[in-house]
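Nothing in this text is a laboratory measurement; each read-out follows from the coordinates by a stated rule. All values reported here derive from a predicted model rather than from experimental measurement. When we count neighbours, we look across all protein chains shown, and the Cβ atoms used for this are built from the backbone with ideal geometry, even at glycine.
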Amino acid sequence: MARRLRHTPEGGALFDVTCRTVQSRFLLRPCPLLNEIILGTLARAKRRYGVELSAFIFLSNHLHILAWAIDSEQLANFMRYFLSKLAREVSRLTGWHDKVLAPRYQAIPISEEEAAQVERLLYILANGCKENLVARPQDWPGVHCVDALLTGEPLKGTWFDRTLRSIADRAGRSHPNLSNRFANPAGKGCAQERRGAVLRGGPSALLVPQIGLGSALRAILIA
């Protein structure tokens, strides 16, 4: 089957990006350590490729990201970097040794009309609630943008520098940036992380801007 062409209108566009786990398995089931990994990886990819994030949520078997990109190449580079790192970390946490994510994510450009953009935002915020899993978006235990949108406070995660850890392991020496505080993560749904983690440059901050969304956004979220 032929792949759908990805087109970005001149000047950039807001995209509704969706990616599922392989066979819709619950490989992204929320837990504190996975949440921190997702946020750190998302912040790192955002900083590296300059994609603006307007909203996102990570469910147990798929994810939604509302992102502004200048062109298709920028979005593709961002998603490649983010998804590849995410898949490796999920494999490490869960012990799943097959593919983690579906072969191709879906990116749908959203109209510049405010009503269309607000509709996609509301759909993303409704995930978890519309399936009767939680009563409010704020109650979702996984990664969700709602608190950042309501309060303006940045979300914080951790970037795991596996390269630095590997170099230190092969040299047989410790490194001041190595941390083992994630060696035995607590929380449902997380398999034990035996090798620990590496922190470089401290936690990554991810502030979710209101890019591409109209003035009605704040009123809708506060109401």
Next on the checklist: Multiplying the sequence separation of Glu119 and Trp96 by 0.36 nm and subtracting their Cα-Cα distance, what value in nm do you get?
Outcome noted: 4.7 nm
Checklist entry - Of the peptides 34-45, 108-119, how do they stack up when ordered by the mean number of other Cβ atoms within 10 Å, highest first? => result 34-45, 108-119
Next on the checklist: Between the range 65-133 and the range 1-48, what is the separation of their alpha carbon centroids in Å?
Outcome noted: 3
Checklist outcome for this item: If the label point sits 7 Å along Cα→Cβ of Ser24, residues of the range 123-163 with amide N under 17 Å come out as 127-133
Checklist entry - Put +1 on the Cβ of each Lys and Arg and -1 on the Cβ of each Asp and Glu in the range 72-150; which of Asn127, Ala102, Ala76 then has its Cα farthest toward the positive end of the dipole? => result Ala102
Item to check | Highest average packing first - 78-86, 151-159, Cβ atoms within 10 Å | outcome: 78-86, 151-159
Checklist outcome for this item: Total charge of the residues flanking Arg20 in space, meaning their Cβ is under 12 Å from its Cβ, with Lys and Arg +1 and Asp and Glu -1, is +3
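Net charge around Leu39, counting only other residues with Cβ within less than 14 Å of its Cβ (Lys, Arg = +1; Asp, Glu = -1)?
+1
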Checklist entry - Residues of the range 36-79 with amide nitrogen under 19 Å from the 7 Å Cα-to-Cβ point of Val134? => result 36-43, 54-66
